[in-house]
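Step one of this worksheet: look at the structure below.
Coordinate-derived values only; no laboratory data. From a predicted model like this one, the values you see are computed outputs, not experimental measurements. Every residue, glycine as well, gets a Cβ built from its backbone with ideal geometry; the counts of neighbours run over all protein chains shown.
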Amino acid sequence: MSAGQLPRWVDLGLIPFLNLAAAFLVSGLVVVLIGENPLDAVKILVWGSLGYGEGIGFTLFYATNFIFTGLAVAVAFHAGLFNIGGEGQAYIGGLGVAFACLALDHYVPWYVTLPFAILGSAAAGAAWALIPGWLQATRGSHVVITTIMFNFIAASLMGYLLNNMLKEQGSMQTETRTFEAGGRLPLLNDLFPSFGFGYSPVNLSLFIALAACVLVWLLIWRTRLGFEIRSFGANASAAVYAGISPVRTIIVTMLISGGLAGMMAINEIMGSQHRLLLDFVTGYGFVGIAVALMGRAHPVGIALAAILFGMLYQGGAELSFEMPNITRDMIIVIQGLVILFAGALEYMFRPAIVRLFTPAQRLNPKEA
Amino acid sequence: MSETPAIELRKINKSFGPVHANKDIDLVVKKGSIHGIIGENGAGKSTLMSILYGFYQADDGDILVRGEKVSISDSKAAIGLGIGMVHQHFMLVDNFSVLENVVLGAEDSQLLAGGLARARTELKRLEEEYELRVDPDALIQDLPVGLQQRVEILKALYRSAEVLILDEPTGVLTPAEADHLFKILEVLKNEGKTVLLITHKLREIMAATDTVSVMRRGEMVATRETKNTSMEELAELMVGRSVLLRVDKQPAEPKAPVLEVDNLTVTDSRGVQVVKDVSFNVRAGEIVGIAGVSGNGQSELLETLSGIRRATSGTMKINGETIDLSASALDAADMRDKNMGHVPEDRHRMGLINSFAEYENSILGYHRDPAYSKGLLMDLAAIKKNAVAEIEKYDIRPPSPMLKTANFSGGNQQKIVLAREIERDPEVLLVGQPTRGVDIGAIEFIHRRLVELRDQGKGILLVSVELDEIRALSDRVLVMFDGRIVGERGANAEEGDLGLLMAGVEDNNTQAVQGDAR
C-alpha cells in the first residue's frame, strides 16, 4: 500500500519546511531554558550567516563541503547503501589533491593543476570506498560497519603519512609545505570583488560543487547506470530479474560515492588551507549524511540543505561569540534537532498531510 | 436455526488513508456452520478478518460474539473470546516440536514441564475428538505442509477456540490435502464449532461451505446458501458482471522445439537439491504447463531458466544454441539477449519496482536496448512513447505512464509486466503464476493474450499452482513433485489424475512420459 501521492510542492516543499520549523521551535525552547532570548538568537544566527558579505562567504564555503559529502551519501542511498565513510573518503581525497598540487604548483598555473586535483581527489576517495564496496558486494560485509572502520583507518594512515613522509623536513608541524600559486584556487572575493566576500575562504570549488549537483542529477535520473542504481536500491530482486549485476552496481556506486566525498578536499585543501594537514575534515563527512537526508537525496535539496547547514556552522560560530551562554555545543544540539526532525521523524507530519491533501471519498481498493 | 449467531458484524468500516477497505459490512455467522467469504484480492476479506481477530480496529461499527457486543483490541482478546485464526502463512517455529508449538504463548507457568504434560493430555483428547492426528514430538520442519496446517488448527483448538478463521488455507495444499482439510472442517462443524473460510477459489466454496458471503471492493454484496447458488452466480457477484470461466482456444499446432532443457539440477542456498535432473522441451506454438504444489521446485526451475539462479548442472538449448546453465557468468540479461521473456511469479518482489513510475517499469530489463538511449543519456521520450503504446494495447488503467506502479491494481500491474515481456517479441516466454492476485476480468485478458502468443508460434512455459489455470491453458502438462518431473499429460488431463501426481503418487502411465518428454 502506498502512502498516496502528494502534490510535488507539498512533498518537496511543505513537509521539509514543517520539519525544519519543528526543529527550530524545539531549539528555541532549549535557548529559552538556557536563559537567552530565542528571537535574538535567531537574529544573530541569520545575520551572522547571511547579513554581510564575509558571513555569506563563510556560509557558502561550508556549504561547498556539505554539497560534496551530501551528494556522496545520496548517490549511495539510491542504491540502498548507507555510506557513512564520507569522513575517511574525504580525508584520503586530500592526498589526491595534495599530490597534484605538490607536484605541479611550481610549474603550471592553478587551472592546469585543477583537473589533476579533481581527478586525484576523486580517485583517492573512490579507492577508499572500493574495499568496503567490494566486501559488501562479494562477501556481504555491511558497508555501515566497514566504512566506519575505514574512517579510523584513514585517520591513522593520514597521521602516519603526515608524520613520517609528507611533513616538511625539520618542521614541527604535521602538515605538508604550503602550495605555491599553482596549487591554489582563486577566492571568489578576488574573482568578484563587488560581492564583498572579504576574508572568507569561499573559492572556485563552489562552482565545482554545483556542477557536481547537475552531473549527479543527470547520472541518477537520466543515464542507464543511474536507472540500474535506483533499480537495485529500490528492489534488489527485481534488479537481478532485470539482469542488473548486484556486484557491479554496489562497487560502481561506492566508487562514485567515495569519489564525490573525496572531492570535498579540493575545497578545503586547494581552496582554503593550501596545504595538507591533520584532521581537516572535522565532521563534514558525517554532516553530509544529514544533508542528504534533509535534501531527500536530490541534488537540489542537497544544495539547499547544504546552505542551511552552512548557515548553522557560520551563524552558530557568531552566536557563540555574541551569546557566551550558547556554546558551540548548543549549535550541535540545533543541528542534531534538524537531523532528528528532517531525517528520523520525516514521517511525523506526513500522515496528517496525506489526509489533508487526499479527498477521503476517493475509493482505491487494492491489495488491502 | 434461530439461536444467537456465533459472530455478528454490524456496519463495520475501515479506511487506510484514502482507501476505504471495508464499507458498512454486515455479517451474520451461524453457530455450527461453515461460512465462506469469497472475493477477489483486495476486496477487503483479509482486512475484515483482521478486524475480527484484533489486528486492526474498525473505524466504526459493532462486533457481537454470541450476542454480546465486544471490543477486540488485540489477538489476545480475540483468543479470550474463543476466536482462533489459521493464517495463510503459518506462524510456527520450525525447530520446535508440535507440542512446543501448541503450547507456545499459552505456557500457563514459568516452568515448562507442567504445561507440556497438560498439553500432551489435551492434545490426545483433541486428536480423538476431531480426528486430528499429529505426532506431538515431531519437529515442525519435518512435517509436510498439510500436517503443519493441522498443527495450526490444533493450536487454535487448544486455546479453546469456538470460532475458527482460516485465511486462504488451501494455497499450499495438494488437491488431496485440501479435500482432507475440508473433511476436518466438517468434523469440527459437527462438534459444534463455527468455521469462517476465506478464499478466492470458487470451487472450495462450493465444496466446503454451508453459507457464502461475497465481498467486492470493500462491500459485502451478497450472502447465499451455498446449495442455492452456483459458481457462475458467485463469479458474477465477485466481479460485478458476467465472466467467462473457460479459455477459448484451438488445439495447438506445435512445431520444432524452441527450448530444450537437459538434465537440470539446482541446489538452493541450504545445499538442498530443489530441482533434480529435469529434462523437457517446449515446442514452438504450444503452451507447456508445469503443475505442482507450491514449493516443489517450479520456482527454482523458472528462476534458473531465466538466468536469475545458477544451476548445479544442466544445459538449455534455445533456438539451437546450447547454454550451460551452471556457468557463473550467466545472468538474466543474457537470457533476454537469447530472446527469452520472463513474467516472474511474484510481480511485487521481482517483476516491478513499485516505487518507480509505470514508464520506468515498462523497460525494466530492456533498459540497455539502444532504442531507449540517446548518446550517454536515456531517451525518455522514446521510453514514454513505448509505454503509452503498451498501455493502449493492453488496456492498462489508469492510462498514466507517470504514475507509480504501486498505485495500479493487481491486474493492471500484471498487464504492465506482461506487456513489457510480450511486446519484445520473445521466441520463448516463461510465465509464472500469471494471474495470482489478479481480478477475474484481467484473468480473461491475460489468458487470451497468452493463447494469442502461442498461436503466433511462440513457445510458452507456464508455471502455476492453480490447477484450473494449468488445465485451461496448457497443451501439455508436466507435473513436478519434489524437484522431479513425475509425469506428463496431454491437454485434457483430468484433475484427479493430476492431483495424484502432484501428491507424489507413482505414475503408472509411463508411456506418456517416455512418449513426449525427452
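Summary table
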item: Residue-count net charge about A:ASN325 - beta-carbon cut-off 15 Å; Lys, Arg +1, Asp, Glu -1; result: -4
item: Cα-based reach from B:LYS11 at 18 Å (exclusive), listing aspartates and glutamates while leaving out same-chain residues under 8 positions away; result: B:ASP24, B:ASP26, B:ASP59, B:ASP60, B:ASP62, B:GLU68, B:GLU219
item: Reachable lysines, given that their alpha-carbon falls under 28 Å from the alpha-carbon of B:LYS276 and they are not under 8 places away in the same chain; result: B:LYS255, B:LYS317, B:LYS338, B:LYS458
item: A:THR282 paired with B:ALA389, simple spin-label distance in nm, labels 7 Å along Cα-to-beta-carbon; result: 5.9 nm
item: 10 Å Cβ neighbours from other chains, averaged over peptide A:219-229; result: 4
item: For B:350-363, mean number of other protein chain Cβ atoms within 10 Å; result: 4
item: Mean Cβ neighbour count within 10 Å, used as a protection proxy, ranking B:479-487, A:57-65 highest first; result: A:57-65, B:479-487
item: Within-15-Å neighbourhood charge of A:LEU157 [Cβ basis; K, R +1; D, E -1]; result: -1
item: Convex hull volume per residue in cubic angstrom - Cα atoms of region A:223-315; result: 120 Å³
item: Unit charges on C-beta of K, R, D, E only; dipole of region A:209-368, Debye; result: 740 debye
item: Segments B:314-327, B:3-16 sorted - mean Cβ within 10 Å per residue, highest first; result: B:3-16, B:314-327
item: Cβ-Cβ FRET estimate between A:GLU180 and B:GLU495, R0 fixed at 51 Å, reported to 0.05; result: 0.05
item: Along principal axes, Cα extents of region B:347-425, largest first, whole Å; result: 36, 25, 23
item: Shielding by partners, peptide A:230-239 (average Cβ within 10 angstrom, other chains); result: 6
item: Size of electric dipole in region B:1-159: Cβ of Lys, Arg +1 and of Asp, Glu -1, about Cα centre, debye, nearest 20; result: 340 debye
item: Partners for B:LYS14 among lysines (Cα-Cα distance below 23 Å; same-chain residues under 8 apart left out); result: A:LYS366, B:LYS23, B:LYS45, B:LYS69, B:LYS76
item: For A:THR223, residues with placed amide H under 5 Å, excluding near neighbours; result: B:MET378
item: Approximate spin-label separation B:LEU376-B:ASP324, in nm, with each point projected 7 Å along Cα-to-Cβ; result: 3.8 nm
